[in-house]
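Q: Mind having a look at this structure? Questions to follow.
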Amino acid sequence: MTTLDELLNSLFEGNQSPFYDEFSAWVRGSRRFRAFVTAYRGKIRTKLRHVENESGLKDLRAELQTASLLLNEERFTLEYERYAALKQRGPDFTVTFRTHTPFNVEVRRIRRLEQEDVEESRAFKLMAVLCDKAGQMPPSSINLLWLTAERPITEADVNNAAATLRQLAERKAEDFFTRRGFESAAHFLKQYRQLSGIVLHQTDGNSLWLNPLARHKTPPEIITAVGRLRQ
C-alpha cells in the first residue's frame, strides 16, 4: 500500500463514499493539493466523519473542490479555517498571493431548491445568502464570497440581489435587516462593505462580481488569476 493510499484511507476511514473517487483524483492529480490535504488531514477527516447526509457531503465537496482549484494557481498559498483556529467566525480559506497580498475566500454552495424558476423568489434567496455571508467577512482584508451552484448563477442575478439590498438599506428598512441578525440597516451596510466581491464558479470557469461599495478592492492580478482557475 502506498503512502497516498494510506492518506486517503485514513481520511475516509475505510468508507469508500461516493466522494472518494473524485477526491482521490484531485489528490493524485495535484502535488500542491496533496500537500494541503496532508497538512489538514485531521480537520478534513473530522469533517468527513460528521457529514450527516448527501446535502452535507455536497457542501463539503464544494469547499474542498475550491481548495483544489485555488491551489492550481502557483502564486497562491492557502490556509484552511484560520479564523476558526482563533475562535472567530470567518471565511473558509485565507489565501496569500505572491507571498505578500492576503485575501479571504468563503465558500457557499447554492442548492437547487434555492434557485427556483421564479425570478423574484430566486433574487430573495440570493439576498438571504448575501446577508448571511456579509456578516462573516472580517475587516481590514479583501474578502471574496465563492458561490458554486447546481444551476448557473449569472452576474445579472447577483446585480439584482445586491441592488435590492442596497436600496433597502438606503431606505432604512430596519425590520428587514434586524430579522436577519443585523442591528440596523446601517450595520448591514458596514458589514456589506467588507465584502470585496463574489466569485461565480461555473464548470467552464469563473466570473467575478465586484462590490462597488467595498472598503478593500480586489487587485486586478487576483481578479485575473481567479478567473482563470479550472478543475
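The numbers here are math on the coordinates, done by the rules we state, and not lab data. Just so you know, these numbers come straight off a predicted model, no measurement behind them. No Cβ is skipped: glycine too gets one built from the backbone with ideal geometry, and neighbour counts run over all protein chains shown.
Q: Cα-Cα over 23 Å: which of 133/172; 125/217; 87/125; 43/217; 43/87; 47/87?
A: Result: 125/217; 87/125; 43/217 exceed 23 Å.
Q: Would you compute, from DSSP H runs of 4+ residues alone, the mean residue ellipticity of the chain at 222 nm, taking -39500 (n - 2.57) per run and dividing by the full residue count, rounded to the nearest 500?
A: My calculation for the chain gives -14500 deg cm²/dmol from helical runs alone.
Q: If you filter the range 136-184 for GluC sites (Glu not before Pro), then keep DSSP loop positions with at most 13 other Cβ within 10 Å, what is left?
A: Those that pass, being in a loop and sparsely packed, are 150, 183.
Q: Same structure, new question: When 218, 148 are ordered from fewest to most other Cβ atoms inside 10 Å of their Cβ, what list results?
A: Listed from fewest to most nearby Cβ atoms, that is 218, 148.
Q: Would you tally the net charge around residue 88, using a Cβ to Cβ cut-off of less than 12 Å, leaving residue 88 out, and scoring K and R as +1, D and E as -1?
A: Residues close to residue 88 contribute a combined charge of +2.
Q: To continue, here is another question. For a quick check: with amide H placed at 1.01 Å from N, whose amide H comes under 5 Å from residue 143's, ignoring anything fewer than 5 positions away on the same chain?
A: 104, 196, 197
Q: Additional query: Give the label of the value calculated from the structure for Rg and Dmax of the Cα atoms in Å, choosing from [x] 18.2, 64; [y] 16.6, 50; [z] 20.7, 68.
A: Checking each listed value against the structure points to [x].
Q: Determine, for 82, 108, the number of other Cβ atoms within 10 Å of each Cβ, and report the residues in order from fewest to most.
A: 82, 108
Q: Further question: If R₀ is 25 angstrom, what is the calculated FRET efficiency for the pair residue 54 and residue 204, using the beta carbon separation as r and rounding to 0.05?
A: 0.50
Q: Which one of 143, 72, 53 has the biggest mean-square fluctuation once the chain is modelled by GNM with Cα springs under 10 Å?
A: Ranking 143, 72, 53 by mean-square fluctuation puts 53 first.
Q: Starting from 0.36 nm per residue, how many nanometres of slack lie between residue 5 and residue 170 once their C-alpha separation is accounted for?
A: Gain in length upon complete extension: 53.9 nm.
Q: Applying 1/(1 + (r/R0)^6) with R0 = 22 Å to the Cβ-Cβ distance of residue 178 and residue 111, what FRET efficiency is obtained, to the nearest 0.05?
A: 0.30
Q: Further question on the same structure: At 7 Å along Cα-to-Cβ for each site, give me the label-to-label distance between residue 154 and residue 96 in nm.
A: Each label point is offset 7 Å from its Cα along the Cβ direction, giving 4.1 nm.
Q: Order by neighbour count: 37, 129, fewest other Cβ atoms within 10 Å first, most last.
A: Fewest-to-most Cβ neighbours within 10 Å comes out as 129, 37.
Q: For the chain, with a Gaussian network of springs between Cα atoms less than 10 Å apart, report the residue from 76, 19, 93 with the top mean-square fluctuation.
A: Judging by the Gaussian network model, the answer is 19.
Q: Here is a follow-up. Return the whole-Å distance between the Cα centroid of the range 202-231 and the Cα centroid of the range 1-71.
A: Value for the Cα centre distance between the two parts: 25 Å.
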